[in-house]
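The values are calculated or read from the model by the stated rules, or taken from the named source; none is laboratory data. In this text, all values refer to a predicted model and were calculated from it rather than measured experimentally. In this analysis, Cβ positions are derived from the backbone assuming ideal geometry, glycine residues included, and neighbour counts consider all displayed protein chains. Just the protein is used for accessible areas: all its heavy atoms, side chains included, with ligands, DNA and RNA removed. Shrake-Rupley method; radii C 1.70, N 1.55, O 1.52, S 1.80 Å.
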Amino acid sequence: VRIVRGCSIVTLDDQNPFIPEGELEIDPSTGTLTYVGPIRQDVRGEVILAKDKVAMPGLVNAHTHAAMTIVRGYADDLNLQDWLSQIWAVEARMSPEDIYWGTQLALAEMIRGGTIAFADMYFHMEHVARAVADAGMRVALSPGLLGILPGADKVLQEAEALARDWHGAEAGRIRVILGPHAPYTCPPEYLRKVAHSAARLGVGVHIHLSETRREVEDSLKQYGKTPIELAHSNGLFQVPVLAAHCVHATDSEIDLLAETGAWVAHNMGSNLKLGSGIAPIPRMLSRGVRVALGTDGAGSNNNLDMFEEMYLAATVHKGVHEDATLMPAPLVMALATRAGAQALGFEDVGILKPGYQADFLLVSLKRPHMVPAHSLPSNLVYSARSADVDGVFVAGRPLMLNGSLLTIDEERAMAEVAARARNLTGKD
Ligand SMILES: [Zn+2]
(Lines give C-alpha, C1' and ligand atoms only; values in the text may rest on other atoms or scores of the structure.)
Protein backbone atom coordinates (compact mmCIF):
# COMPACT_ATOMS: atom_id res chain seq x y z
CA VAL A 1 0.00 0.00 0.00
CA ARG A 2 0.92 3.64 -0.38
CA ILE A 3 0.47 5.88 2.68
CA VAL A 4 0.39 9.68 2.80
CA ARG A 5 1.15 10.42 6.46
CA GLY A 6 1.16 13.35 8.86
CA CYS A 7 -1.17 15.83 7.14
CA SER A 8 -4.37 17.41 8.39
CA ILE A 9 -7.30 16.13 6.35
CA VAL A 10 -10.46 17.95 5.27
CA THR A 11 -12.51 14.97 4.10
CA LEU A 12 -15.86 16.55 3.09
CA ASP A 13 -17.31 13.39 4.66
CA ASP A 14 -20.13 14.57 6.95
CA GLN A 15 -19.49 11.68 9.37
CA ASN A 16 -15.84 12.58 9.86
CA PRO A 17 -15.15 16.03 8.38
CA PHE A 18 -11.74 16.82 9.87
CA ILE A 19 -8.69 14.82 10.97
CA PRO A 20 -6.00 16.98 12.67
CA GLU A 21 -2.95 14.78 12.11
CA GLY A 22 -3.77 11.79 10.00
CA GLU A 23 -2.98 9.56 7.11
CA LEU A 24 -4.52 8.29 3.90
CA GLU A 25 -3.88 4.76 2.71
CA ILE A 26 -4.14 3.94 -0.97
CA ASP A 27 -4.50 0.62 -2.74
CA PRO A 28 -2.53 1.32 -5.93
CA SER A 29 -4.14 -1.60 -7.76
CA THR A 30 -7.62 -0.03 -7.56
CA GLY A 31 -6.65 3.61 -7.01
CA THR A 32 -9.03 3.76 -4.05
CA LEU A 33 -8.63 4.89 -0.46
CA THR A 34 -8.50 2.05 2.03
CA TYR A 35 -8.02 4.11 5.21
CA VAL A 36 -8.50 7.76 6.18
CA GLY A 37 -7.97 8.59 9.82
CA PRO A 38 -5.48 9.23 12.62
CA ILE A 39 -1.88 8.05 12.18
CA ARG A 40 -1.40 4.34 12.92
CA GLN A 41 1.95 3.20 14.31
CA ASP A 42 1.94 -0.39 13.12
CA VAL A 43 1.10 -0.07 9.42
CA ARG A 44 3.87 -0.05 6.85
CA GLY A 45 4.02 0.57 3.16
CA GLU A 46 5.42 3.13 0.75
CA VAL A 47 5.18 6.20 3.00
CA ILE A 48 4.99 9.77 1.69
CA LEU A 49 5.48 12.24 4.53
CA ALA A 50 3.08 15.20 4.46
CA LYS A 51 3.72 17.12 7.67
CA ASP A 52 2.63 20.80 7.66
CA LYS A 53 0.23 20.08 4.80
CA VAL A 54 -3.52 19.73 4.51
CA ALA A 55 -5.14 17.11 2.29
CA MET A 56 -8.44 17.95 0.62
CA PRO A 57 -10.48 16.33 -2.17
CA GLY A 58 -9.23 17.22 -5.66
CA LEU A 59 -10.66 20.29 -7.35
CA VAL A 60 -12.90 19.78 -10.38
CA ASN A 61 -13.13 22.38 -13.13
CA ALA A 62 -16.67 21.90 -14.44
CA HIS A 63 -16.33 24.08 -17.52
CA THR A 64 -13.31 24.84 -19.62
CA HIS A 65 -11.77 24.83 -23.07
CA ALA A 66 -8.26 23.67 -22.15
CA ALA A 67 -6.46 24.32 -25.44
CA MET A 68 -7.51 27.98 -25.29
CA THR A 69 -4.36 28.57 -23.27
CA ILE A 70 -3.05 29.42 -26.77
CA VAL A 71 -5.26 32.55 -26.91
CA ARG A 72 -4.59 33.62 -23.31
CA GLY A 73 -4.35 37.41 -23.36
CA TYR A 74 -5.02 37.62 -27.10
CA ALA A 75 -8.38 39.43 -27.05
CA ASP A 76 -9.10 41.12 -23.74
CA ASP A 77 -11.43 43.86 -22.52
CA LEU A 78 -14.06 43.00 -25.13
CA ASN A 79 -17.72 42.00 -24.80
CA LEU A 80 -18.57 38.38 -25.57
CA GLN A 81 -19.70 38.84 -29.19
CA ASP A 82 -16.62 40.90 -30.17
CA TRP A 83 -14.35 38.58 -28.19
CA LEU A 84 -15.83 35.50 -29.92
CA SER A 85 -15.31 36.87 -33.43
CA GLN A 86 -11.60 37.49 -32.72
CA ILE A 87 -11.13 34.12 -31.04
CA TRP A 88 -12.99 32.16 -33.72
CA ALA A 89 -10.69 33.61 -36.39
CA VAL A 90 -7.66 32.15 -34.58
CA GLU A 91 -9.38 28.85 -33.73
CA ALA A 92 -10.15 28.32 -37.43
CA ARG A 93 -6.38 28.12 -38.04
CA MET A 94 -5.56 25.76 -35.14
CA SER A 95 -4.10 22.35 -36.01
CA PRO A 96 -4.62 19.16 -33.99
CA GLU A 97 -1.00 19.57 -32.74
CA ASP A 98 -1.78 23.10 -31.53
CA ILE A 99 -4.67 21.65 -29.57
CA TYR A 100 -2.54 18.83 -28.14
CA TRP A 101 0.11 21.27 -26.87
CA GLY A 102 -2.40 23.89 -25.72
CA THR A 103 -4.04 21.14 -23.70
CA GLN A 104 -0.70 19.91 -22.29
CA LEU A 105 0.01 23.41 -21.00
CA ALA A 106 -3.49 23.60 -19.51
CA LEU A 107 -2.98 20.27 -17.75
CA ALA A 108 0.29 21.51 -16.25
CA GLU A 109 -1.46 24.66 -15.01
CA MET A 110 -4.43 22.70 -13.66
CA ILE A 111 -2.37 20.07 -11.82
CA ARG A 112 -0.22 22.83 -10.30
CA GLY A 113 -3.45 24.39 -9.01
CA GLY A 114 -4.84 21.16 -7.54
CA THR A 115 -7.36 20.37 -10.27
CA ILE A 116 -7.83 16.62 -10.83
CA ALA A 117 -10.67 16.61 -13.35
CA PHE A 118 -12.26 18.95 -15.87
CA ALA A 119 -15.12 19.18 -18.35
CA ASP A 120 -13.56 20.22 -21.63
CA MET A 121 -15.45 21.47 -24.67
CA TYR A 122 -13.30 21.83 -27.78
CA PHE A 123 -12.32 20.30 -31.12
CA HIS A 124 -10.03 17.45 -32.19
CA MET A 125 -10.84 15.88 -28.82
CA GLU A 126 -8.94 12.67 -29.49
CA HIS A 127 -5.79 14.77 -28.95
CA VAL A 128 -7.17 16.04 -25.66
CA ALA A 129 -7.95 12.45 -24.70
CA ARG A 130 -4.38 11.43 -25.48
CA ALA A 131 -2.92 14.33 -23.46
CA VAL A 132 -5.14 13.52 -20.46
CA ALA A 133 -4.38 9.80 -20.66
CA ASP A 134 -0.63 10.59 -20.61
CA ALA A 135 -0.95 13.08 -17.74
CA GLY A 136 -3.09 10.81 -15.54
CA MET A 137 -5.95 13.25 -14.91
CA ARG A 138 -9.70 12.76 -15.31
CA VAL A 139 -11.81 14.45 -17.96
CA ALA A 140 -15.32 14.69 -19.35
CA LEU A 141 -14.48 15.26 -23.02
CA SER A 142 -17.16 17.33 -24.72
CA PRO A 143 -16.59 17.38 -28.49
CA GLY A 144 -17.73 20.86 -29.57
CA LEU A 145 -20.68 20.91 -31.99
CA LEU A 146 -21.53 24.01 -34.00
CA GLY A 147 -24.79 23.27 -35.80
CA ILE A 148 -24.63 26.43 -37.91
CA LEU A 149 -21.42 25.34 -39.67
CA PRO A 150 -21.41 23.29 -42.88
CA GLY A 151 -20.61 19.64 -42.15
CA ALA A 152 -22.21 19.77 -38.69
CA ASP A 153 -23.81 16.34 -39.17
CA LYS A 154 -20.43 14.81 -39.92
CA VAL A 155 -18.95 16.45 -36.81
CA LEU A 156 -21.78 14.90 -34.78
CA GLN A 157 -20.92 11.48 -36.21
CA GLU A 158 -17.27 12.03 -35.25
CA ALA A 159 -18.37 12.95 -31.73
CA GLU A 160 -20.35 9.71 -31.56
CA ALA A 161 -17.24 7.80 -32.65
CA LEU A 162 -15.20 9.58 -29.96
CA ALA A 163 -17.76 8.49 -27.36
CA ARG A 164 -17.57 4.87 -28.55
CA ASP A 165 -13.74 4.93 -28.52
CA TRP A 166 -13.07 6.83 -25.31
CA HIS A 167 -16.07 6.79 -22.93
CA GLY A 168 -14.90 4.82 -19.87
CA ALA A 169 -11.30 4.52 -21.11
CA GLU A 170 -8.23 4.65 -18.83
CA ALA A 171 -9.97 2.73 -16.02
CA GLY A 172 -12.91 5.14 -16.23
CA ARG A 173 -10.81 8.30 -15.96
CA ILE A 174 -11.99 9.49 -19.38
CA ARG A 175 -15.67 10.10 -20.02
CA VAL A 176 -17.38 11.62 -23.04
CA ILE A 177 -20.41 13.93 -23.08
CA LEU A 178 -21.59 15.68 -26.26
CA GLY A 179 -20.86 19.41 -26.54
CA PRO A 180 -23.53 21.33 -28.47
CA HIS A 181 -21.91 24.77 -28.12
CA ALA A 182 -25.02 26.90 -27.49
CA PRO A 183 -28.53 27.48 -28.87
CA TYR A 184 -27.18 30.51 -30.79
CA THR A 185 -24.77 28.24 -32.69
CA CYS A 186 -27.00 25.14 -32.81
CA PRO A 187 -30.45 25.55 -34.44
CA PRO A 188 -33.40 23.66 -32.84
CA GLU A 189 -33.35 20.81 -35.33
CA TYR A 190 -29.66 20.22 -34.61
CA LEU A 191 -30.21 20.36 -30.83
CA ARG A 192 -32.80 17.58 -31.29
CA LYS A 193 -30.30 15.47 -33.24
CA VAL A 194 -27.70 15.92 -30.49
CA ALA A 195 -30.22 15.00 -27.79
CA HIS A 196 -31.10 11.80 -29.70
CA SER A 197 -27.42 10.93 -30.15
CA ALA A 198 -26.69 11.45 -26.46
CA ALA A 199 -29.68 9.32 -25.43
CA ARG A 200 -28.65 6.56 -27.84
CA LEU A 201 -25.06 6.60 -26.54
CA GLY A 202 -26.14 6.82 -22.89
CA VAL A 203 -24.13 10.01 -22.29
CA GLY A 204 -24.99 13.57 -21.28
CA VAL A 205 -24.54 16.96 -22.94
CA HIS A 206 -22.45 20.01 -22.06
CA ILE A 207 -23.75 23.35 -23.38
CA HIS A 208 -23.45 27.12 -22.86
CA LEU A 209 -26.82 28.62 -21.80
CA SER A 210 -27.91 32.22 -21.17
CA GLU A 211 -24.41 33.60 -20.73
CA THR A 212 -25.27 37.20 -21.69
CA ARG A 213 -28.36 39.41 -21.70
CA ARG A 214 -27.94 39.96 -25.44
CA GLU A 215 -27.96 36.20 -26.09
CA VAL A 216 -31.32 35.93 -24.29
CA GLU A 217 -32.78 38.93 -26.16
CA ASP A 218 -31.62 37.63 -29.56
CA SER A 219 -33.06 34.20 -28.81
CA LEU A 220 -36.42 35.67 -27.81
CA LYS A 221 -36.48 37.73 -31.04
CA GLN A 222 -35.55 34.81 -33.27
CA TYR A 223 -37.46 31.94 -31.64
CA GLY A 224 -39.80 33.46 -29.04
CA LYS A 225 -37.96 31.35 -26.47
CA THR A 226 -34.98 31.85 -24.16
CA PRO A 227 -31.86 29.68 -24.64
CA ILE A 228 -32.83 27.53 -21.64
CA GLU A 229 -36.38 27.10 -23.01
CA LEU A 230 -34.96 26.19 -26.43
CA ALA A 231 -32.65 23.57 -24.93
CA HIS A 232 -35.55 22.14 -22.93
CA SER A 233 -38.14 22.13 -25.72
CA ASN A 234 -35.69 20.37 -28.05
CA GLY A 235 -35.10 17.47 -25.71
CA LEU A 236 -31.70 18.26 -24.25
CA PHE A 237 -32.93 17.99 -20.66
CA GLN A 238 -34.00 14.39 -21.27
CA VAL A 239 -30.32 13.42 -20.89
CA PRO A 240 -27.95 14.58 -18.11
CA VAL A 241 -27.14 18.26 -18.75
CA LEU A 242 -24.10 20.28 -17.73
CA ALA A 243 -25.10 23.88 -18.45
CA ALA A 244 -22.35 26.48 -18.35
CA HIS A 245 -23.14 29.99 -17.10
CA CYS A 246 -26.98 30.36 -16.85
CA VAL A 247 -26.20 33.94 -15.79
CA HIS A 248 -29.56 35.28 -16.96
CA ALA A 249 -31.79 32.40 -15.83
CA THR A 250 -35.25 33.57 -14.69
CA ASP A 251 -37.04 32.20 -11.62
CA SER A 252 -39.13 29.78 -13.70
CA GLU A 253 -36.00 28.64 -15.51
CA ILE A 254 -34.27 28.08 -12.17
CA ASP A 255 -37.18 25.83 -11.18
CA LEU A 256 -36.87 24.00 -14.49
CA LEU A 257 -33.14 23.44 -13.91
CA ALA A 258 -33.92 22.07 -10.44
CA GLU A 259 -36.74 19.80 -11.62
CA THR A 260 -34.69 18.31 -14.45
CA GLY A 261 -31.63 17.73 -12.25
CA ALA A 262 -29.40 19.77 -14.57
CA TRP A 263 -25.95 20.79 -13.38
CA VAL A 264 -24.99 24.45 -13.67
CA ALA A 265 -21.30 25.25 -14.10
CA HIS A 266 -20.74 28.62 -12.42
CA ASN A 267 -17.82 30.50 -13.99
CA MET A 268 -17.60 33.71 -11.99
CA GLY A 269 -14.14 34.76 -13.22
CA SER A 270 -15.08 34.52 -16.88
CA ASN A 271 -18.50 36.11 -16.37
CA LEU A 272 -16.92 39.06 -14.57
CA LYS A 273 -14.15 39.54 -17.11
CA LEU A 274 -16.47 39.40 -20.13
CA GLY A 275 -18.92 41.72 -18.37
CA SER A 276 -21.66 39.08 -18.74
CA GLY A 277 -23.25 39.56 -15.33
CA ILE A 278 -23.51 37.57 -12.11
CA ALA A 279 -25.36 34.25 -12.10
CA PRO A 280 -28.08 33.92 -9.42
CA ILE A 281 -26.24 31.07 -7.73
CA PRO A 282 -27.50 31.54 -4.13
CA ARG A 283 -31.06 31.54 -5.50
CA MET A 284 -30.35 28.44 -7.58
CA LEU A 285 -28.91 26.61 -4.58
CA SER A 286 -31.85 27.57 -2.35
CA ARG A 287 -34.26 26.21 -4.97
CA GLY A 288 -32.40 22.93 -5.35
CA VAL A 289 -30.33 23.45 -8.50
CA ARG A 290 -27.09 21.47 -8.56
CA VAL A 291 -24.10 23.76 -8.98
CA ALA A 292 -20.41 23.17 -9.71
CA LEU A 293 -17.60 25.65 -10.38
CA GLY A 294 -15.49 26.22 -13.49
CA THR A 295 -13.01 28.64 -14.94
CA ASP A 296 -14.12 28.67 -18.60
CA GLY A 297 -11.21 28.84 -21.09
CA ALA A 298 -7.97 30.71 -20.49
CA GLY A 299 -8.98 33.07 -23.31
CA SER A 300 -11.71 34.58 -21.14
CA ASN A 301 -10.53 34.10 -17.54
CA ASN A 302 -7.41 34.26 -18.11
CA ASN A 303 -6.25 31.34 -15.97
CA LEU A 304 -7.44 27.89 -14.91
CA ASP A 305 -7.14 28.58 -11.19
CA MET A 306 -9.88 26.90 -9.15
CA PHE A 307 -8.66 28.51 -5.91
CA GLU A 308 -9.45 31.86 -7.51
CA GLU A 309 -12.89 30.56 -8.56
CA MET A 310 -13.59 29.41 -5.00
CA TYR A 311 -12.60 32.83 -3.69
CA LEU A 312 -14.77 34.66 -6.24
CA ALA A 313 -17.78 32.37 -5.73
CA ALA A 314 -17.48 32.80 -1.97
CA THR A 315 -17.10 36.59 -1.98
CA VAL A 316 -18.83 38.22 -4.96
CA HIS A 317 -22.34 36.95 -4.08
CA LYS A 318 -21.87 38.24 -0.52
CA GLY A 319 -21.06 41.67 -1.89
CA VAL A 320 -23.82 41.79 -4.48
CA HIS A 321 -26.51 40.77 -1.96
CA GLU A 322 -24.98 42.62 1.01
CA ASP A 323 -25.19 39.36 2.95
CA ALA A 324 -22.00 37.80 4.36
CA THR A 325 -23.80 34.55 5.28
CA LEU A 326 -24.20 33.57 1.61
CA MET A 327 -21.84 31.00 0.03
CA PRO A 328 -19.95 29.94 3.21
CA ALA A 329 -16.49 28.43 2.76
CA PRO A 330 -17.39 24.74 3.43
CA LEU A 331 -20.22 24.95 0.86
CA VAL A 332 -17.95 26.53 -1.75
CA MET A 333 -15.35 23.79 -1.16
CA ALA A 334 -18.02 21.15 -1.76
CA LEU A 335 -19.12 22.85 -5.01
CA ALA A 336 -15.51 22.93 -6.24
CA THR A 337 -14.83 19.27 -5.45
CA ARG A 338 -17.61 16.75 -4.78
CA ALA A 339 -20.27 18.57 -6.80
CA GLY A 340 -17.95 18.98 -9.77
CA ALA A 341 -17.06 15.29 -9.72
CA GLN A 342 -20.75 14.38 -9.78
CA ALA A 343 -21.45 16.89 -12.53
CA LEU A 344 -18.85 15.15 -14.68
CA GLY A 345 -20.16 11.68 -13.81
CA PHE A 346 -17.38 10.58 -11.43
CA GLU A 347 -19.58 9.20 -8.67
CA ASP A 348 -16.80 7.82 -6.43
CA VAL A 349 -14.67 10.99 -6.42
CA GLY A 350 -14.82 14.05 -4.14
CA ILE A 351 -14.90 12.67 -0.59
CA LEU A 352 -11.88 11.35 1.30
CA LYS A 353 -13.13 8.10 2.79
CA PRO A 354 -12.50 4.39 2.18
CA GLY A 355 -14.00 3.09 -1.05
CA TYR A 356 -13.66 6.42 -2.84
CA GLN A 357 -11.01 7.17 -5.43
CA ALA A 358 -7.75 8.49 -3.98
CA ASP A 359 -8.07 11.87 -5.71
CA PHE A 360 -6.73 14.61 -3.47
CA LEU A 361 -4.29 17.45 -3.17
CA LEU A 362 -1.85 18.54 -0.51
CA VAL A 363 -1.70 22.23 0.31
CA SER A 364 1.21 23.66 2.26
CA LEU A 365 0.29 25.18 5.62
CA LYS A 366 3.79 26.55 6.15
CA ARG A 367 3.05 29.90 4.56
CA PRO A 368 2.61 33.22 6.36
CA HIS A 369 -0.91 33.60 4.93
CA MET A 370 -1.97 30.12 6.11
CA VAL A 371 -1.25 30.63 9.85
CA PRO A 372 -3.10 30.12 12.16
CA ALA A 373 -5.65 27.50 11.12
CA HIS A 374 -8.80 28.25 13.13
CA SER A 375 -10.80 26.79 10.27
CA LEU A 376 -9.14 24.93 7.42
CA PRO A 377 -12.07 25.44 5.00
CA SER A 378 -11.74 29.19 5.63
CA ASN A 379 -7.99 29.07 5.03
CA LEU A 380 -8.44 27.00 1.88
CA VAL A 381 -11.14 29.25 0.37
CA TYR A 382 -10.13 32.73 1.57
CA SER A 383 -6.36 32.55 2.15
CA ALA A 384 -4.82 29.81 0.02
CA ARG A 385 -3.31 30.44 -3.40
CA SER A 386 -2.99 27.82 -6.11
CA ALA A 387 0.78 28.21 -5.72
CA ASP A 388 0.42 26.66 -2.24
CA VAL A 389 -0.50 23.30 -3.80
CA ASP A 390 2.37 20.95 -3.16
CA GLY A 391 1.08 17.51 -4.16
CA VAL A 392 -1.70 16.07 -6.32
CA PHE A 393 -2.94 12.47 -6.52
CA VAL A 394 -5.39 10.96 -8.99
CA ALA A 395 -6.54 7.36 -8.47
CA GLY A 396 -3.72 7.10 -5.95
CA ARG A 397 -1.03 8.03 -8.46
CA PRO A 398 1.04 11.12 -7.66
CA LEU A 399 0.89 13.64 -10.54
CA MET A 400 2.79 16.24 -8.50
CA LEU A 401 4.96 15.76 -5.41
CA ASN A 402 6.90 18.41 -3.45
CA GLY A 403 5.96 20.96 -6.08
CA SER A 404 7.27 18.99 -9.07
CA LEU A 405 5.09 17.74 -11.90
CA LEU A 406 5.70 14.03 -12.51
CA THR A 407 3.66 13.29 -15.66
CA ILE A 408 4.08 16.42 -17.82
CA ASP A 409 7.12 18.07 -19.39
CA GLU A 410 6.03 21.61 -18.57
CA GLU A 411 9.16 23.28 -19.99
CA ARG A 412 8.37 21.74 -23.37
CA ALA A 413 4.66 22.60 -23.09
CA MET A 414 5.44 26.27 -22.34
CA ALA A 415 7.91 26.50 -25.25
CA GLU A 416 5.56 24.76 -27.71
CA VAL A 417 2.59 26.96 -26.82
CA ALA A 418 4.60 30.18 -26.91
CA ALA A 419 5.88 29.34 -30.41
CA ARG A 420 2.53 28.09 -31.69
CA ALA A 421 0.68 31.14 -30.33
CA ARG A 422 3.11 33.41 -32.24
CA ASN A 423 2.54 31.49 -35.45
CA LEU A 424 -1.24 31.49 -35.08
CA THR A 425 -1.73 35.12 -34.16
CA GLY A 426 1.30 36.87 -35.62
CA LYS A 427 1.65 38.54 -32.20
CA ASP A 428 4.77 38.38 -30.05
ZN1 LIG B 1 -17.19 28.23 -22.27
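A compact table of results
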{"quantity": "Accessible solvent surface per residue of the chain, calculated while the other protein chains remain in place, 1.4 angstrom probe, Å²", "calculated": "38 Å²"}
{"quantity": "Region 212-278: C-alpha pair distances exceeding 21 Å, %", "calculated": "24 percent"}
{"quantity": "Alpha-carbon radius of gyration plus Dmax, which is the widest Cα pair, for region 1-44 in Å", "calculated": "10.4, 28"}
{"quantity": "Proximal aspartates and glutamates relative to Lys366, as straight alpha-carbon distance under 19 Å, when same-chain residues fewer than 8 apart are discounted", "calculated": "Glu21, Glu23, Asp52, Asp388, Asp390"}
{"quantity": "Selection from Val216, Ser378, Ala343, by position along the positive dipole direction of the chain (Cβ)", "calculated": "Ser378"}
{"quantity": "Out-of-range pairs (alpha-carbon distance over 25 Å; input Lys273/Lys318; Lys51/Lys353; Lys53/Lys318; Lys53/Lys353)", "calculated": "Lys53/Lys318"}
{"quantity": "Region 5-69, accessible surface, carbon-and-sulfur percent (1.4 angstrom probe)", "calculated": "50 percent"}
{"quantity": "Kirkwood-type radius of region 268-383, with distances r between different C-alpha atoms, in Å", "calculated": "15.4 Å"}
{"quantity": "Three-way shape label, region 372-428, alpha-carbon gyration tensor, a/c 1.5", "calculated": "oblate"}
{"quantity": "Angle between the chain longest axis and helix 410-425 axis [Cα atoms, degrees, rounded to 10]", "calculated": "20 degrees"}
{"quantity": "Value of [θ]222 nm, deg cm²/dmol, for the chain, DSSP H segments ≥ 4, -39500 (n - 2.57) each, nearest 500", "calculated": "-10500 deg cm²/dmol"}
{"quantity": "Cα pair distances in region 1-120, grouped into 10 Å bins until the bin that holds the longest one, percent each", "calculated": "11, 29, 25, 15, 16, 4, 0"}
{"quantity": "Separation between Cα centres of region 114-139 and region 213-281, rounded to whole Å", "calculated": "25 Å"}
{"quantity": "Simple spin-label estimate for His374 and Glu217 in nanometres, 7 Å along Cα-Cβ", "calculated": "4.6 nm"}
{"quantity": "For region 50-118, convex hull of alpha carbons as volume per residue, Å³", "calculated": "116 Å³"}
{"quantity": "Of all accessible heavy-atom area on region 149-212, the percent that carbon and sulfur account for (1.4 Å)", "calculated": "53 percent"}
{"quantity": "Label-point separation, Arg422 to Ala169 (7 Å along Cα→Cβ), nm", "calculated": "3.3 nm"}
{"quantity": "Among Ala106, Ala67, Ala258, residue whose mean-square fluctuation peaks in a GNM of the chain (springs only between Cα atoms under 10 Å)", "calculated": "Ala258"}
{"quantity": "With Cα atoms, 0 to 90° folded angle of helix 125-135 axis to the chain main axis", "calculated": "10 degrees"}
{"quantity": "Cα gyration tensor, region 164-231 - rounded (a/c under 1.5), prolate or oblate", "calculated": "prolate"}
{"quantity": "Solvent exposure ordering (accessible area, 1.4 Å, most first) of Asp323, Asp305, Asp42", "calculated": "Asp42, Asp323, Asp305"}
{"quantity": "Overall dimensions of region 152-274 by Cα: Rg and Dmax, Å", "calculated": "14.6, 46"}
{"quantity": "Cβ-Cβ FRET estimate between Val320 and Asp348, R0 fixed at 25 Å, reported to 0.05", "calculated": "0.10"}
{"quantity": "Semi-axis lengths (Å, descending) of the ellipsoid that matches the C-alpha gyration tensor of region 215-342", "calculated": "23, 16, 15"}
{"quantity": "Violating pairs (Cα-Cα greater than 21 angstrom) within the set Lys193/Lys225; Lys193/Lys221; Lys154/Lys193", "calculated": "Lys193/Lys221"}
{"quantity": "Convex hull (Cα only) mean projected area of region 54-190, reported in nm² to one decimal", "calculated": "9.3 nm²"}
{"quantity": "Gap separating the Cα centres of region 143-164 and region 3-40, nearest whole Å", "calculated": "42 Å"}
{"quantity": "Calculated P(r) of the chain - Cα pairs past 43 Å, %", "calculated": "9 percent"}
